[in-house]
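Quick notes on the structure that follows.
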Amino acid sequence: MKPYILNLAIILCMLLLSVSNLIAQNKSKMYGNTPDRLFPYNNFEKAYKYHFIDPIQFSGAGREKLPPKDLKEVRIGFLGPLEGSAIVSLGKQMLQGTMLAIEEANKKGGYKGLPYKLMVHNDAGLWGAAANEVVKMDDEKVWAFLGSIDDIVSHVALRAALKLEIPMVCTGNPDPTYTETNIPWTLRVISDDRQSGYAIGAYIFEKMKHKRVAVMRNSGRYGRVGVGEFYGIAKRMGHPIRIEERFDTGETDFKMQLESIKQLTPEAILIWGNAKESALIIKQIRSMGLKQPIYCSDRIVSKEFLEIAGPFAEGIVSTSPYNPEANNPKLKEFQINYFKRFKQQPDAFSAHAYDGMKILIEAINKGGLNRVLIRDYLLDLKTFQNYQGITGKIVFDATWNDIGDIWLAKVKNGKFTFILNDANENVGTKIKGAKN
Amino acid sequence: MIMTKKTFKYLIIFIFTIVFLGAGYFLINNLKSSNNLVKNEVNENNTTFSVADNKKDLEKNFESMPIFGNWESFTSENGLPDDKTYCVRIDGERILVGTHGGLAVYENKKWKTYTKEDGLAHNGVISIDVSELTGDVWLGTLGGLSRWSAGKFENFTQLNSGMPNDLVYSVVCDGKDVWVATGGGAGAYDTYTKKWQIFTEKNAPMHEPWTYGISKGDGKIFIAAWGGGVIEYTKKTRTFRDYHDPDGNMEIDLFPDDGIVHDITTGTSWSNGFLWVSTYFGLSRYDGVKWKGYFDHDSGLASNFINSLKAYRGVVFLCTDKGLSTTDGTNWVTYKRNDNNSKGKVFITKEEKITETASSSSISHSFIIGVDVKDDIIWVATSKGISRGELLKQ
Amino acid sequence: MKKYSFLMIFGVIFIAILIIYSPVRQLARAHVNYETAVKDHPLSCTSCHLYNQNDGFITKFINEDYYSPFNLVVSKDSKKVYVIAQDADLLMILDTENNRVLNKIKVGEHPHSVILSKNEQFAYVSNQWEDSVSVIDLKLSKELFKLKTGNGPAELSLSPDGNFLYVVNTFSSDLSVIDLTKKIEVKRLITGSNPTGIAIEPNGKNLLVSARRANIDNYGELISSDITLIDINKQSVIKKINVKSAYMLENIAYTPSGDFAITTLIRPKNNIPSIQVEQGWMMNHGIGIIDQKGEGNVVQFLIDEPNSFYSDPFDIVITPDGKKAFVSSSGVDVISVISIDSVRAIISKASPELLKKYSNNLGISSKYVVKRIKTGANPKGLALSADGKKLFIAEQLQDRILVINTATYEIINSIDLQGPKKITVARRGRILFNNASHTFQNQYACYTCHPDTHEDGLIYNMGGAGMGRNLTNTMTLRDISETGPYKWTGTNHSIYKQDGIRFSTFLTRTEAFSHSDLDALVAYIRTGIKNPPNLIYNPTGEHTDSQLRGKAIFERSKNNFGTLIPKNNRCVTCHPAPYFTNLKLADVSTLGTSDDSTLFDTPHLINIDASPPYLHDGRAKTLEEIWTVYGTDEKHGVVNDLSKIELNELVDYLKSIRAPKYNKDDSKNSQLTHYKSK
């Protein structure tokens, strides 16, 4: 081929590409605290359309609706796993955190003298109860609700909340796709697995310099979606995951999966699952003589994990959306009150539920008894932006997802110790987020 | 070495072209509102233009891009059980409207309401279809599926039958079968054998078990799976096929025409060879070979947030949060309410030129949730009331 | 020689002593006492061991093949009668002038009804156990082809233009609309539950379908049944006419002017203790008048009298002059003649409140029932000659067609179908089963609560323990010979005991059945009652993939998490094949607050789809509810780990369970062969 034809061809191609991108949407900034070089396809191709840049506004009717007269209480719904689920202990913590916030609000006079009443619903009933529970809450005339932890439950509930137009504050579900549904009726007050994935990914690949990582994940949706973002950045950092093994909730023997992992001699192993199975897997990994560093998802940060894993827990690192040791007077007060009320130490789920319910109550106080107006305050990205909660500073992005503080938790001397994630500095982004 | 003198020259030309086109684009974008928006106050009998030529015509297309007007609206003040209307279905001489407070039926210029007290599964009626075969009305509610046959309700729930879930977002009658999209998967009920079949991620290529929309056409059933794109079921072969956004990421659409614009789909509708798919992120059209994407920034679409859609005679009617948009794939007409004077606004987009027309009547609210069209009549379910429009004479 | 004679005499005496005093006899006595739960039942081995045989060589000798005429139709010139011989799967053509059988045409399995085309060239016969209609060319006396229908086709009707055939599907509770020009079913319209009757309005605009089973409701709610009004032109349902406090609307007919439609009905008092039979409060029998004007209200009148009941009204025909209606009171072998003018007069004079009271009034039937005509055993289908002068009656258990003069009510002819002359023990039992004479004032027959020898879908307050206590969901009588013990509480280990003296104390409130009657009744129940094939869910014996997955769940020993399911909580442990019962009592955590403390009998699962509601007190309206609502504590099998898809598969399998006889040899079974060939 003659050089000038080649040149012409190159230039023509570039020209065509430029024209085609002329009507593509301009990108103002990356969504979800994602570093430029880790944003999907960003190194190769600008996307035609970038979502989640500007928040969706709710333009439906309902703001003009007057509050009902003769109310005796102001109802707020609660949706969580309280019975018949593997994560009932988390659900109970979430409920207790919520209850404490409600009780404190009622001590201060409730809503203009009316007490707040929590309408409690179990989301783990048989035969797919979550959506039906939201419908029941609508029938009970709740003004908003808080929930849940399980990702499927939360998605199903959110869809019902959208249809019924009930504000929903989520304080327990870390599934990134939850807020990526772009539904202008929910606020998430807990960091998601995108943030966790970035944090643990940065720690594993950048700080610890591992290259060959094996993944053991829960076979359910929690595991599948949870590791999704971690996989994305692993690939973009040049260390695609070579092996993934799965396990079911309730499974106790992981020998087959671990044998496969062993053969690949990974430098590190990442486990994404509930506390119980994660602890059992760690025990079995060590009993097989594998000495690689082990990393986990944030659900292991619990007493249950430490009890089951025992000495094998030592040195395990995970992310955590909550730092119980943070130097925060509000948090200390909460921990004392919580223990006094429930004779139990609060965990991430109770702490975020407490923050979430405080935000919700404040939105109700501001918006009044009108679901759309409550929503308007919750989601205006002003009223609660940079909210100083007991769990730290809460920052929301355009999908009302919490991209605020996140910690790394490491087991030392049989206890979790927490450090604010800074491994991101190597990655060139600010996962702790609060300062941007 | 590739970079010769000539190459340098061409590069200079290239850069100039880019600067020139870029400046042009900037001007177009910024002057759109002043230059291209021709404001005129005319009566509603406005000009129309040809519908794109569909080769696979199966039903009579609109002769030209239809424009509806003479809107008449109804709210709770006129007899609706609730202002919030979810869906509407034209059933011969009567209109069935699903509201938050029950089923409203408009017949002989009067509204009649049916609620749980009359036997309905739940007052929140969110989807409706009428069986062409039997005339039975199937109502998807927030608490189960109701068959309304000759004034009597028979209810199917997840507890008393094989139905997947009680939240029935969408229902469609297909011969003797009734298909539903629910919070727990898609379901098919055979009215002859009284058997339910459920389709979830366990037995169909869905990522997630939850479904939001369902429609029929071309011997197929199209399921809008929330987060799972579109699942196509071919009745003859009883096989599934799934369509996704190929870029695999929620936060972007890499190419608009490479597949569905987003995996979070809200509805599907088929008409005359085209499958239309609505999402909260834009609109997609599939002709069996190629996909085409439409966004609010590159077409006449009022908003990317599309609650539902209905394709009819070659035109798709899109229920967005900012008005009712209609398109044949090329030309666009959008209806909104002017909140300042309660009159209507009609936006006609033809070859990137937008014409805004004020209309004396208006749809009752710009937040559109449902729509149905039959011949010359359109009914639009909105966040605040329901509106009836007529095809304007051309 | 003398020595031998002496020995012989001694031997005979010894044998006689042995017979009289032997322990064998005592053992036999003890055995019979146990089986019958009485001490005086005659010691006759044959009554049980011969007549209760279900199959085997000997049964061929002791049983007979009867015709059992069920429905019939008369030619316009009254010279021919076309009779459904249900037991023989025949359409019989009778010559009414010479009283002889002209022809017997083989039709499908268990035919139900017959109608003629306008020109009388074709006959259409519904084959209830084959889901088809036989189209018969009457000139050729030959079946031309079969049309596929819904499940359990019963009554038929032709559209006024003759282009469409309407078939009432009893088992699938719908109406098949068959396009006769294309010979295909074009649609099915939903009707009331378990319908049989159909009537076309004289002006050809609408048709009515009457249902037999009541709509399923909670115990304590007044029952109601539906008549479905269908627009013939649009071929769509336009109205459900709710008939309150009544069920078993077997048949329906319009007056020639079309001002009324009249249905037969039964008014059960299932919510009050059954002991009320003495007050005339258990079962009432009557008619429902569907007023075609106004709102289409249904006015009910009883055809019973204060001390005499006319149970199980089956068919109804109305004379062409619109003056008289004939109702076959099949439980008392009577045709009740009703003066329609008298009924009209009462309706026109009475207020709606008064009419409501009339529906329970035994005293006013004398005002409109003008005659009771005695017939042979179990009169079922009726047909009038075109001029209305003759009434033809199918006497099902007499194998005879009776012809009555409708003016004088005299018998003018009786056409014997030339069936077996001998009345076998089981046949006698069947006659007893269908006859109400053993109940106080003829209030009901066994058939009344067990229509089609099945069950009526109602929940009864049995016995006298008090209002609302020990509720009982009626159980089927089909194929129960091997599934004892009986009653939900399993207290009766044999049918002898079940239908013996206690039966009369609690239910019939008359003398108990005589020993020989009881023998006959038991022989019939044990040998003569078969299950229909399961044509919807298991026509061929081959399970679908979904059913096979359900079967695996039914038989599984581990749940979805791999945990072992205790043996006594696996489906298959208590419900093993062939009848899917282990014949034992069990606690599946269904004891209600209204129940006395007891275990419950494990029911068989044959054709389970046909027996809603479920559980001993009928609390579960559908099979799903057994687990989704009433079995969440996992005492009735482990299902909480199942997905909804898996539960559906389990239910799909349960519905596929069919009677063992159909599994024996499919290729020899005619209706299945027919089904397969389709």
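So the values come out like this:
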{"read-out": "Label-point gap, in nm, between C:Ser589 and C:Glu278 - each point 7 angstrom along Cα→Cβ", "value": "4.2 nm"}
{"read-out": "Projected label distance in nm at C:Thr598 and C:Lys39, using a 7 Å step from Cα toward the beta-carbon", "value": "2.6 nm"}
{"read-out": "Summed buried accessible area for A+B [probe radius 1.4 Å, Å², rounded to 100]", "value": "5100 Å²"}
{"read-out": "Antiparallel DSSP beta bridges within the protein assembly as shown, as percent of all bridges there, nearest 5", "value": "90 percent"}
{"read-out": "Antiparallel content of DSSP bridges confined to the range A:42-131, in %, to 5", "value": "10 percent"}
{"read-out": "Links that overshoot a 27 Å alpha carbon limit, given the list B:Lys322/B:Lys343; C:Lys205/C:Lys324; B:Lys336/B:Lys393; C:Lys234/C:Lys357", "value": "C:Lys234/C:Lys357"}
{"read-out": "Karplus-derived HN-Hα couplings along the range B:184-189 (A = 6.51, B = -1.76, C = 1.60, θ = phi - 60°), whole Hz, x at Gly and Pro", "value": "x, x, 8, x, 10, 10"}
{"read-out": "Gyration tensor (alpha-carbon) shape descriptor, chain C, a/c threshold 1.5", "value": "rounded"}
{"read-out": "Rel. contact order, % - alpha carbon contacts under 8 angstrom, at least six apart, chain A", "value": "18 percent"}
{"read-out": "Angle between chain B longest axis and helix B:5-31 axis [Cα atoms, degrees, rounded to 10]", "value": "50 degrees"}
{"read-out": "Kyte-Doolittle mean at least 1.6, axial Cα span of 24 Å or more - DSSP H helices of chain C", "value": "C:2-21"}
{"read-out": "Mean accessible surface per residue for the protein assembly as shown, computed with a 1.4 Å probe while every protein chain stays in place, in Å²", "value": "40 Å²"}
{"read-out": "Anisotropy class of the range C:545-677 from Cα gyration tensor, a/c 1.5 cut", "value": "prolate"}
{"read-out": "Reachable lysines from C:Lys422, criterion Cα separation under 20 angstrom, eight or more residues apart if same chain", "value": "C:Lys60"}
{"read-out": "Chain B, helix-only ellipticity at 222 nm - DSSP H runs n ≥ 4, -39,500 (n - 2.57), divided by all residues, nearest 500", "value": "-2500 deg cm²/dmol"}
{"read-out": "The range B:295-394: radius of gyration over Cα atoms, expressed as a fraction of 2.2 N^0.38 Å", "value": "0.97"}
{"read-out": "Hydrodynamic radius of the protein assembly as shown per Kirkwood, over alpha carbon pairs, in Å", "value": "36.8 Å"}
{"read-out": "Span-rule helices in chain A, defined as complete DSSP H runs reaching 24 Å or more along the axis (Cα) with Kyte mean at least -0.5", "value": "A:3-22, A:88-107, A:348-367"}
{"read-out": "Lysines with Cα under 19 Å of A:Lys107, excluding same-chain neighbours fewer than 8 positions away", "value": "A:Lys72, A:Lys117, A:Lys330, A:Lys340, A:Lys358, A:Lys366"}
{"read-out": "Positive-end residue of A:Ile282, A:Tyr322, A:Gly109, charge dipole of chain A with Cβ unit charges", "value": "A:Tyr322"}
{"read-out": "Length-normalised contact order for chain C - Cα pairs under 8 Å, 6+ apart - percent", "value": "10 percent"}
{"read-out": "Among beta bridges that DSSP assigns inside chain A, antiparallel share in %, nearest 5", "value": "35 percent"}
{"read-out": "Mean Cα-pair separation over length for the range B:185-294, i.e. relative contact order, pairs under 8 Å, 6 or more apart, %", "value": "19 percent"}
{"read-out": "Amide proton proximity set for A:Lys117, modelled H, under 5 Å, gap of 5+", "value": "A:Val74, A:Arg75, A:Ile76"}
{"read-out": "Förster radius 41 Å - calculated FRET efficiency between C:Asp179 and B:Glu351 (Cβ-Cβ, nearest 0.05)", "value": "0.20"}
{"read-out": "Accessible-area ranking of C:Cys45, C:Cys446, A:Cys296, largest first, probe 1.4 Å", "value": "C:Cys45, C:Cys446, A:Cys296"}
{"read-out": "5 angstrom amide H check on C:Thr191, placed H, neighbours 5+ away", "value": "C:Asp174, C:Leu175"}
{"read-out": "Sequence ranges C:88-97, B:334-343, ranked by mean other-Cβ count within 10 angstrom, highest first", "value": "C:88-97, B:334-343"}
{"read-out": "Computed E for A:Lys108/A:Asn386 - FRET, C-beta separation, R0 25 angstrom, nearest 0.05", "value": "0.60"}
{"read-out": "Set A:Lys211/A:Lys410; B:Lys84/B:Lys290; A:Lys283/A:Lys415; A:Lys283/A:Lys303 screened for pairs whose C-alpha atoms are more than 27 Å apart", "value": "B:Lys84/B:Lys290"}
{"read-out": "Gained length - A:Ala86 relative to A:Asn43, 0.36 nm times residue gap less alpha-carbon distance", "value": "11.4 nm"}
{"read-out": "Gyration tensor verdict on chain A (Cα atoms; rounded if a/c is under 1.5, prolate if a/b is larger than b/c, oblate otherwise)", "value": "oblate"}
{"read-out": "Solvent-accessible area, 1.4 Å probe, carbon plus sulfur percent, for the range C:544-645", "value": "56 percent"}
{"read-out": "Computed over the range B:39-391, Kirkwood Rh from alpha-carbon pairs, angstrom", "value": "20.2 Å"}
{"read-out": "In the range B:110-177, the GluC sites (Glu not before Pro) that fall in loop regions by DSSP, at most 16 other Cβ within 10 Å", "value": "B:Glu132"}
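The values are calculated or read from the model by the stated rules, or taken from the named source; none is laboratory data. Remember, it's a predicted structure, so these values are computed and weren't measured experimentally. Positions of Cβ are backbone-derived with ideal geometry, glycine not excepted, and every protein chain shown enters the neighbour counts. All accessible areas refer to the heavy atoms of the entire protein, side chains included, with ligands and DNA or RNA removed. Shrake-Rupley method; radii C 1.70, N 1.55, O 1.52, S 1.80 Å.
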